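I have placed the structure first, in the form of structure tokens, so that the comments after it can refer back to it.
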Amino acid sequence: MGLAHTLELLHILSVFLLLGALGMITYSSVMISRTDDVLKFGIYVAIGGTGGMFAGIATLLVGVFGVLAAWKIGWSLTEGWLIAAYIATGAAFLMPIVTFKPWGDHVEKLMGQAYEEGRILPEQLEILTSIKYRVAEVFMYGLLVFIAYVMVFKPF
């Protein structure tokens, strides 16, 4: 097995890791909106944060191994699909910094008070179930799926 094949294998494994992380994030988001139990809510918030961390790592790995594999195979690094992947990956790294990280930090900061009161605080639910959160979330899901699609199928 040559270096190109190894890089392709690592790239595909990274795509699977990315899709798994996306599943963790989606699961936690759905369960957050369905629970009234503050302990479960805290667990789902932690799962979402962990999934977000895995998604960031996996996105980086998909990009690195994808570009290295493309280079080793002989693709031009200025191909349209690679440029689209570069832009989407940059957006996938920037978006959580300005949206999900501040929102998640605020929710986690309120967890002590929520545990003390034995209920999920309305401020927490407002953040995690608001329209702007849901729109950002769906956009991010689409972005991550787009990155995986472009880096695997090279459509253009």
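Taken together, the values in this text are just the output of simple stated rules run on the coordinates, not laboratory data. These figures come from a predicted structure and were not determined experimentally. Here Cβ is always computed from backbone atoms with ideal geometry, including for glycine, and neighbour counts include all displayed protein chains.
Structure data summary
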read-out	value
Candidates Leu22, Leu3, Leu10, Leu94, filtered to the one that is loosely packed, with under 14 Cβ neighbours inside 10 Å, touching a residue at least 24 places away in the same chain (Cβ under 8 Å) and farther than 22 Å from Phe156 by Cβ	Leu3
Conditions (1) touching a residue at least 24 places away in the same chain (Cβ under 8 Å); (2) under 19 Å from the mean Cα position of the chain (by Cα); (3) surrounded by 13 or more Cβ atoms within 10 Å (Cβ to Cβ): number failed by Tyr115	(2)
Helices (runs of 4 or more DSSP H) wholly inside region 26-131 that include at least 2 residues being farther than 30 Å from Glu8 by Cα	38-73, 100-109, 111-117, 122-129
Condition check for Gly104: more than 21 Å from Tyr27 (Cβ to Cβ) and touching a residue at least 24 places away in the same chain (Cβ under 8 Å)	no
Complete set of residues in region 47-85 that are out of contact with any Leu (no Cβ under 9 Å at 6 or more places or on another chain), without any contact (Cβ under 8 Å) to a residue 24 or more places away in the chain and among the hydroxyl-bearing types (Ser, Thr, Tyr)	Thr78
Some residue of region 131-138 being closer than 23 Å to Ser33 by Cα, free of Cβ contacts under 8 Å to residues at least 40 places away in the same chain and in contact with a helix residue (DSSP H, G or I) (Cβ under 8 Å, 6 or more places away or on another chain)	yes
Only listed residue being surrounded by 14 or more Cβ atoms within 10 Å (Cβ to Cβ) and hydroxyl-bearing (Ser, Thr, Tyr), chosen from Ser33, Ser29	Ser29
Residue check for Gln124: under 23 Å from the mean Cα position of the chain (by Cα) and farther than 24 Å from Gly142 by Cα	yes
